[in-house]
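The values are calculated or read from the model by the stated rules, or taken from the named source; none is laboratory data. These numbers were taken from a predicted model, which means no experiment stands behind them. Please note: Cβ atoms are built from the backbone with ideal geometry, for glycine as well, and neighbour counts cover all protein chains shown. To get the accessible areas, we keep the full protein, side chains included, count just its heavy atoms, and leave off ligands, DNA and RNA. Shrake-Rupley method; radii C 1.70, N 1.55, O 1.52, S 1.80 Å.
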Amino acid sequence: MPEKLHIVGIEEHVVLPVLLDAWTRAGVPQIPQLGYGDEPFARRLRDVGDRRLADMDDQGVDVAVLSLATPGVQNLAAADAVSVAREANDALAGIVHAHPQRFQALAAIPTPSPEAAAAELERAVTQLGFRGAMLYGRTGDKPADAPEFDDLYAAAERLRVPLHFHPQTPVQAVQDAYYAGLPNGVGRVLATAGLGWYYDLGVQYLRMIFSGMFDRHPDLQVIAGHWGEVVLFYLDHIGILQDMAKLERPLADYFRQNFWVAGSGTVSERYLRWTAEVVGTDRMLYSTDYPYTFGTRPGGFPFLDTSAGVARSFLEQAPFTQEEKAAIGSGNWERLTGHVAATTDVSSRTADDRTDRSQPVDLTARRRGPGGLSMSRLTSPYGRT
């Protein structure tokens, strides 16, 4: 019998009181999908204790990497974004500390204040032990490739931590032009979780490539959810632009060398196979987008529900080898971010356990995922050749 897969969900959302207060001041709609109210969904989004742990057990998820729900602090004024991000990250660190075997975290980053963004990423990684950060595409009307974010990307590259991007609602002009006027509230959902989110963020990824951002930061690692935010399905066509854009590499190489892809709880074997064909199983991660895909089967729709063990059975039944499944479940995540945990452990030993130096810390052990996935066959931590 194969060894039980160790599953780390890397896009598992939460809202915190400090964020709800800031969103309220900013005029954000107070809806359950953002954690307001007493509906079960809102309570799940706010919970960081027994309910969430029980739901993880129900899904079959061993570790949840927590991050703020979209749009995080990117819709706030600069001063608020800085203070709220710092307080939220401190709160996330406390949550992880309470359940270190079950929780990790991605940092909130105050992109409305670009000069503070890189500093907060550095603090979150080096002082709080976070394994990267969650960003949300645009900041106001500034796209993700805006030059003022170069310092943030340089910091992530230097720290060797990934930036996970999550969609947010398209700008109002796009909503009005493409999604308005549909009956029964369909337009609002089509503009967001139905379709609009993924096009909006997919365009951000392409802008980052075509603007030369990855050529300036060739080792920056980005995590794309939702099976690549539409772009993977059109790479063969979009590639016609690579000569016009004067890219240093073929377009597909950016996705195979700078991107990691997860499914965000969309349990579609067709998307799973396509992603593996385009980027390879060694660039795939796992996520459930909790609680947005927990117990959600409108009209019996099967592809957005990870409850009742589906999060685990979907991976266990995937058409891959056991080693590939173990890599997707957690091994690739450890390969990408395990050095942060190792460094944090070393720092903790140095500060708190100076009297016992007899036991060395095995950093290489941190670089192996379940199933023994070894780093030795790769020329760099990210698999770039």
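Annotations
- In this structure, D236 qualifies as modelled with pLDDT under 95 and either in a helix (DSSP H, G or I) or buried (at least 20 other Cβ atoms within 10 Å of the Cβ) (or both).
- Residue match in region 28-50 (condition: within 24 Å of V267 (Cα to Cα) and among the hydroxyl-bearing types (S, T, Y)): no
- Candidates R297, R283, R349, filtered to the one that is open to solvent by less than 20 Å² (accessible area, probe 1.4 Å) and either modelled with pLDDT under 50 or among the basic types (K, R) (or both): R283
- Qualifying positions in region 1-43 - of a type in the set (S, T, Y) and surrounded by fewer than 18 Cβ atoms within 10 Å (Cβ to Cβ): T24
- Hits in region 130-156 (condition: farther than 13 Å from P114 by Cα and over 16 Å from the mean Cα position of the chain (by Cα)): D141
- Residue match in region 174-182 (condition: among the acidic types (D, E), under 27 Å from P32 (Cα atoms) and open to solvent by 10 Å² or more (accessible area, probe 1.4 Å)): yes
- Subset of region 313-323 (residues that are surrounded by 19 or more Cβ atoms within 10 Å (Cβ to Cβ) and touching a Gly at 6+ places or on another chain (Cβ under 7 Å)): L315
- Residue count for region 127-168, restricted to those that are touching a residue at least 60 places away in the same chain (Cβ under 8 Å), open to solvent by 10 Å² or more (accessible area, probe 1.4 Å), over 16 Å from P218 (Cβ atoms) and not in a loop (DSSP other than H, G, I, E, B): 1
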